[in-house]
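For reference, the structure discussed in these notes is given below.
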Amino acid sequence: MQSHRFHALDHAISRKPKVVESRSVKVSEYYGEQVFNEAELSSYLPLAVYRKFRDDISAGRRPDRLVLDQIATAMKAWAMSKGATHYTHWFQPLTGTTAEKHDAFLSLDQERPVEQFTGSQLMQQEPDASSLPSGGLRSTFEARGYTAWDPGSPAFIRDNTLCIPSVFVSYRGDALDYKTPLLRAISALDEAATAVAKLFNKEVRQVRATLGWEQEYFLVDTSLFYARPDLVLTGRTLFGHASAKSQQLEDHYFGVIPERVEAFMRDFEMEAHRLGIPVKTRHNEVAPNQFECAPIFEELNIAIDHNQLVMDVIEKVARRHDYEALLHEKPYAGINGSGKHNNWSLQTDTGLNLLSPGKTAKENFRFLAFLINTIKAVHDHADLLLASISSAANEHRLGGNEAPPAIFSVFVGSHLTHMLNELEKADQHNTFFGNGDGEKSLKIGKIPEILVDNTDRNRTSPFAFTGNKFEFRAVGSSANCSSPMTTLNTIVANQLITYKQEVDALLKEGVNRQEALFTPLKSYIRSARRVLFEGNNYGPDWEKESSRRGLTNLSSPPEALKSMVQPGSVALFARTGVLNETELKARYEIECERYVKKVQIEGRVLGDLARNHILPVAIKYQTTLTGNVRGLKEVLPPEQFSVQAAPVLEMIREISDQIAHIKEGVEQMTKARKEANAMPSIEEKAEAYHHKVSPWFAGVRKSADKLERMVADDLWPLPKYRELLFTH
């Protein structure tokens with residue numbers, strides 16, 4: 001009888017590429033057709049109403065009821081013209097995924113059915129918050145929570161539903177989502193960066209953070225996926241011996257996209273473009289069956305909404321093509337995992353990229369001011385950046401030869417490193433400033449706009465400057481970008497506030513303007529120098545060197561997360577208005593709880609697979625071998641039997657050893673899990689799961705993977721790595 005694994009494999013290898021009907025050769029003809037963007041809004045509203053709404057939003061005022069009612073009516077009319085029957089406030093609770101509650105446009109007017117959507121329904125919805133993470137912000141029996149429209153991100157249609165991007169807060173107004181603190185951090189950075197930008201250009205009125213994310217993912221055939229309970233329930237393979245061929249030939253990276261995958265990609269990109277998501281790049285990644293997409297840069301808030309949406313679109317479209325998309329950071333042991341590089345920059349309303357080198361000394365002075373302040377912020381708060389990307393899933397990826405280690409450093413390249421060295425040594429009176437009419441001229445010289453000509457990229461750095469942006473490389477593939485971007489925006493805002501205060505103090509003392517702008521920067525270079533590193537972050541020498549420098553190295557998520565609730569962190573988030581102490585401590589508790597639950601689930605799945613899938617097969621094969629020995633004994637003379645049966649007896653003994661190891665490991669892991677569950681606090685539970693429970697996983701897996709190599713192929717129940725990785 002053929003095993004479930006072979007049935008799954010038969011299905012997988014018989015798949016043909018799906019036919020994808022292109023809507024048009026020109027993406028521009030259908031781009032954004034499912035989005036209620038500015039053009040649609042202005043076309044549906046009277047000009048005066050549209051201008052009033054835009055003025056209110058720009059000034060931070062809540063639009064009046066009449067305007068909201070008109071916008072809601074316009075949204076409903078547009079949505080229904082696209083086939084929508086329902087609406088929902090689309091929000092991002094602290095589960096790491098998105099959430100939505102659908103309501104029909106249906107209403108009863110004197111018992112007559114009508115389609116209706118009001119301004120109050122647009123502004124606010126009340127989903128049941130009782131089963132979503134709150135970290136103690138409300139009692140379990142208190143269900144009330146509110147979603148409220150975020151007018152900064154356009155509404156869109158999915159599955160015949162008008163989706164309205166929204167924030168999610170508790171009955172008392174505390175943030176229960178990722179978007180609320182993100183918007184606060186964006187606002188804090190805008191205010192702080194604008195104040196500093198005005199020191200160099202008084203015309204600047206606003207600074208927007210921008211983001212370009214790179215989304216990596218694996219594809220696996222649906223039949224093979226459902227034959228792997230560990231993939232279904234945990235997102236990663238808890239067992240699996242390495243394939244003889246994996247990524248060592250480096251032939252997959254940027255290789256020809258498999259035909260079936262290419263059909264999925266075309267379908268996915270059309271869906272994304274209809275939703276106004278500007279995906280532009282697609283390619284094979286390093287690992288077999290691993291791929292990547294990346295968009296054009298967008299304003300940070302919209303970019304994150306689009307990334308959350310794109311992960312959902314990838315998964316749904318993949319199923320249309322009989323694939324499952326794996327967004328887990330490390331689905332396969334020994335194979336490169338997936339990250340999500342966050343390319344972050346700052347842009348003014350006048351069109352300047354504040355992290356782009358300029359063509360004049362004055363422009364380069366502005367560039368260096370923002371560059372150095374960002375480096376100083378990362379130096380001072382590396383622990384918070386690490387906490388923002390720490391999770392049970394990313395723990396498997398960080399530190400491997402595919403992702404930056406849990407040691408934060410900043411790469412700026414040899415050219416800028418040399419320049420920073422010169423600025424640190426410079427005497428502002430004689431070297432840095434020259435003589436000139438009016439304001440003194442700066443002897444910085446032109447910094448080339450394309451720094452790649454001077455410095456190669458450093459793919460091992462967790463936080464690298466790449467010409468006109470910083471690339472935060474340590475973010476995990478399944479993560480919501482809001483957490484790291486909220487942290488980054490907050491620490492940079494805080495640093496820019498400090499810089500502006502120091503400059504103002506020097507100006508008040510009568511110090512020359514340019515000297516006042518320069519003096520703090522020189523101090524920042526000196527104090528933040530230890531975080532700059534140009535070498536290989538993967539190498540063992542860097543770990544020793546970083547320890548000598550006193551840099552943080554926290555590979556344990558429970559330990560890294562503690563930095564969130566340190567007094568300095570609480571003060572920082574409160575000072576910038578991003579998170580109050582209660583909200584911050586709630587998030588810490590939620591992250592610890594999520595870590596516990598993830599490892600707990602993995603432990604339970606590991607035990608189930610070991611006991612109910614692997615051990616029975618190993619015992620069955622062992623029984624077959626035992627029968628073979630008995631048969632040999634019956635037909636062979638004693639002197640021949642002892643020689644010819646020896647290899648089989650050795651296999652039986654080795655199988656017995658591995659069975660015993662698995663049984664003991666699962667029992668000890670289960671015992672440790674019960675002890676961890678009994679810990680009084682969630683913090684202690686997280687530490688126990690990290691130090692006492694998860695260490696048992698490796699030993700059980702090692703024995704199971706040895707059995708995979710020994711047990712007859714036709715008996716092995718789980719699809720093997722060679723099948724998961726090389727079946728397109």
Filter pass, residue 262 being under 22 Å from residue 222 (Cα atoms), in contact with a Lys or Arg (Cβ under 9 Å, 6 or more places away or on another chain) and surrounded by fewer than 19 Cβ atoms within 10 Å (Cβ to Cβ): yes
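Please tell me if residue 541 is closer than 30 Å to residue 705 by Cα and either in contact with a His (Cβ under 7 Å, 6 or more places away or on another chain) or surrounded by fewer than 19 Cβ atoms within 10 Å (Cβ to Cβ) (or both). Even if it seems obvious, please write down each step before you answer.
On the way: closer than 30 Å to residue 705 by Cα: no; either in contact with a His (Cβ under 7 Å, 6 or more places away or on another chain) or surrounded by fewer than 19 Cβ atoms within 10 Å (Cβ to Cβ) (or both): yes.
Spelling it out, it is not the case that residue 541 is closer than 30 Å to residue 705 by Cα and either in contact with a His (Cβ under 7 Å, 6 or more places away or on another chain) or surrounded by fewer than 19 Cβ atoms within 10 Å (Cβ to Cβ) (or both).
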In region 359-398, the residues that are closer than 30 Å to residue 598 by Cβ and β-branched (Val, Ile, Thr): 378, 389
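Can you tell me which residue within region 55-67, out of those that are more than 16 Å from residue 38 (Cβ to Cβ) and within 34 Å of the chain's Cα centre (by Cα), is most open to solvent (accessible area, probe 1.4 Å)?
Our first condition is that a residue be more than 16 Å from residue 38 (Cβ to Cβ); within region 55-67, this holds for 59-62, 64-66.
Remaining after also requiring within 34 Å of the chain's Cα centre (by Cα): 59-62.
Working: 59: 59, 60: 70, 61: 121, 62: 164 Å².
Restricting to residues being more than 16 Å from residue 38 (Cβ to Cβ) and within 34 Å of the chain's Cα centre (by Cα), the top hit is 62.
Name the one entry in 33, 21, 29 that is under 30 Å from residue 321 (Cβ atoms), open to solvent by 80 Å² or more (accessible area, probe 1.4 Å) and at pLDDT 90 or above. Full working, then the answer.
Details: 33 fails: open to solvent by 80 Å² or more (accessible area, probe 1.4 Å); 21 fails: at pLDDT 90 or above.
The match here is 29.
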Hey, residue 188 under 27 Å from residue 492 (Cβ atoms) and touching a Ser or Thr at 6+ places or on another chain (Cβ under 6 Å) or not: yes
Flag if residue 31 is part of a helix (DSSP H, G or I) and within 30 Å of residue 153 (Cβ to Cβ): no
Residue that is within 23 Å of residue 387 (Cα to Cα), in contact with a strand residue (DSSP E or B) (Cβ under 8 Å, 6 or more places away or on another chain) and part of a helix (DSSP H, G or I), where the choices are 546, 527: 546
Residue within region 368-376 that is modelled with pLDDT under 95, open to solvent by 10 Å² or more (accessible area, probe 1.4 Å) and at negative phi present: no
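Given the criteria touching a residue at least 12 places away in the same chain (Cβ under 8 Å) and under 34 Å from the mean Cα position of the chain (by Cα), does residue 719 qualify? Show your work before the answer.
Values: touching a residue at least 12 places away in the same chain (Cβ under 8 Å): yes; under 34 Å from the mean Cα position of the chain (by Cα): yes.
Yes; evaluated as a whole, the condition is true for this residue.
Can you list the helices (runs of 4 or more DSSP H) lying wholly within region 642-728 that have 1 or more residues being open to solvent by 40 Å² or more (accessible area, probe 1.4 Å) and closer than 30 Å to residue 11 by Cβ? Spell out how you get there, then give the answer.
Working: elements: 646-677, 682-688, 695-710, 721-726.
Filter on region 642-728 gives 695-710, 721-726.
So that you can scan it fast, the table gives a plain yes or no per residue for (1) modelled with pLDDT of 95 or more; (2) under 21 Å from residue 463 (Cα atoms); (3) among the polar types (S, T, N, Q):
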{"position": "505", "(1), (2), (3)": "yes, no, no"}
{"position": "519", "(1), (2), (3)": "no, no, yes"}
{"position": "534", "(1), (2), (3)": "no, yes, no"}
{"position": "545", "(1), (2), (3)": "no, yes, no"}
{"position": "557", "(1), (2), (3)": "no, yes, no"}
{"position": "565", "(1), (2), (3)": "yes, no, no"}
{"position": "575", "(1), (2), (3)": "yes, no, no"}
{"position": "580", "(1), (2), (3)": "yes, no, yes"}
{"position": "597", "(1), (2), (3)": "yes, no, no"}
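Has region 72-85 got at least one residue that is of a type in the set (Lys, Arg), open to solvent by less than 50 Å² (accessible area, probe 1.4 Å) and closer than 21 Å to residue 274 by Cβ? Before you say what the answer is, go through the steps one by one.
The initial filter retains those residues of region 72-85 that are of a type in the set (Lys, Arg), namely 76, 82.
In the following step, the residues that additionally are open to solvent by less than 50 Å² (accessible area, probe 1.4 Å) were identified as 76.
Restricting the remaining residues to those that are closer than 21 Å to residue 274 by Cβ gives 76.
Yes, because at least one residue in region 72-85 is of a type in the set (Lys, Arg), open to solvent by less than 50 Å² (accessible area, probe 1.4 Å) and closer than 21 Å to residue 274 by Cβ.
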Residue within region 471-484 that is open to solvent by 40 Å² or more (accessible area, probe 1.4 Å), among the basic types (Lys, Arg) and touching a residue at least 12 places away in the same chain (Cβ under 8 Å) present: no
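Surrounded by 20 or more Cβ atoms within 10 Å (Cβ to Cβ) and either out of contact with any strand residue (DSSP E or B) (no Cβ under 8 Å at 6 or more places or on another chain) or in a helix (DSSP H, G or I) (or both): which single residue out of 511, 492 fits that description? Spell out the reasoning first.
Values: 511 fails: surrounded by 20 or more Cβ atoms within 10 Å (Cβ to Cβ).
The conditions single out 492.
For (1) among the aromatic types (Phe, Trp, Tyr); (2) modelled with pLDDT of 70 or more; (3) within 25 Å of the chain's Cα centre (by Cα), each residue gets a yes or a no:
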residue	(1), (2), (3)
386	no, yes, yes
398	no, yes, yes
411	yes, yes, yes
421	no, yes, no
427	no, no, no
434	no, no, no
Test: residue in region 150-163 that is among the acidic types (Asp, Glu), open to solvent by 80 Å² or more (accessible area, probe 1.4 Å) and either in contact with a Cys (Cβ under 8 Å, 6 or more places away or on another chain) or assigned to a loop (DSSP other than H, G, I, E, B) (or both): yes
Residues of region 286-305 classified as surrounded by 22 or more Cβ atoms within 10 Å (Cβ to Cβ) and over 28 Å from residue 489 (Cβ atoms), total: 5
Selection status of residue 563, closer than 20 Å to residue 182 by Cβ and in a helix (DSSP H, G or I): yes
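Given the structure, is residue 15 open to solvent by less than 20 Å² (accessible area, probe 1.4 Å), of a type in the set (D, E, K, R) and either more than 25 Å from residue 277 (Cβ to Cβ) or free of Cβ contacts under 8 Å to residues at least 24 places away in the same chain (or both)? Steps first, answer last, please.
On the way: open to solvent by less than 20 Å² (accessible area, probe 1.4 Å): no; of a type in the set (D, E, K, R): yes; either more than 25 Å from residue 277 (Cβ to Cβ) or free of Cβ contacts under 8 Å to residues at least 24 places away in the same chain (or both): yes.
Criteria not met by residue 15.
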Residue ID - most open to solvent (accessible area, probe 1.4 Å), chosen from residues in region 107-141 that are hydrophobic (A, V, I, L, M, F, W, C) and modelled with pLDDT of 80 or more: 108
Residue check, residue 549 at pLDDT 90 or above and crowded, with 23+ Cβ neighbours inside 10 Å: no
Members of region 616-674 that are under 17 Å from residue 701 (Cβ atoms) and hydrophobic (A, V, I, L, M, F, W, C): 617, 618, 655, 659, 660, 662, 666, 669, 672
Every residue from region 187-239 that is open to solvent by less than 10 Å² (accessible area, probe 1.4 Å), over 30 Å from residue 517 (Cα atoms) and assigned to a loop (DSSP other than H, G, I, E, B): 227, 228, 237, 238, 239
Yes/no for residue 563 being in contact (Cβ under 8 Å) with a residue 24 or more places away in the chain and in contact with an Asp or Glu (Cβ under 6 Å, 6 or more places away or on another chain): yes
Test result for residue 294, in a strand (DSSP E or B), in contact (Cβ under 8 Å) with a residue 12 or more places away in the chain and under 20 Å from residue 337 (Cα atoms): yes
Qualifying positions in region 168-186 - of a type outside the set (D, E, K, R) and open to solvent by 10 Å² or more (accessible area, probe 1.4 Å): 169, 171, 173, 178, 180, 183, 186
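The values are calculated or read from the model by the stated rules, or taken from the named source; none is laboratory data. Given the structure is predicted, the values throughout are model-derived calculations rather than measurements. With ideal geometry, Cβ positions are generated from the backbone for all residues, glycine too; neighbour counts draw on all protein chains shown. Side chains are part of the model used for accessible areas, which takes the heavy atoms of the whole protein and leaves out ligands, DNA and RNA. Shrake-Rupley method; radii C 1.70, N 1.55, O 1.52, S 1.80 Å.
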